[in-house]
Ligand code: FES
């Protein structure tokens, strides 16, 4: 599966393992959750008002389009949340 984003320059920070719908994924230290997910997937979550999927819009904390769920029930705004080791993201999207 390919992501919506791709890195244009390598990032040399520590590898941060996390999961997306139970599948192992990797980010780099300093990555925000939105970028970390979209490097692996084509969307962040299902659209709650229709059949589509969402991938954020403003990328700067204003539009509220990037809220994602974590397995522990928390919801976080992906574009302003740094990835943490072991973070268990739940997108609800079949194959992203
Ligand atoms: S993408 Fe707009 S608030 Fe996160």
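Each reported figure results from applying straightforward, stated rules to the coordinates on display, with no laboratory input. Worth saying up front: this structure is predicted, and the values here are computed from it rather than measured. Backbone-built Cβ (ideal geometry, glycine too); neighbour counts: all protein chains shown.
Only helices enter this figure: runs of n ≥ 4 DSSP H residues, each worth -39500 (n - 2.57), summed and divided by the residues of the chain, yield -1500 deg cm²/dmol at 222 nm to the nearest 500.
Based on every Cα atom in the chain, Rg and the maximum pairwise Cα distance Dmax equal 12.3, 39 Å.
Extending 7 Å from Cα along the Cβ direction at residue 12 and again at residue 71 yields two label points whose distance is 3.3 nm.
Would you kindly state how much longer the chain becomes between residue 62 and residue 42 on full extension, computed as 0.36 nm times their sequence separation minus their alpha carbon distance, in nm to one decimal? Fully extending the segment from residue 62 to residue 42 adds 5.1 nm.
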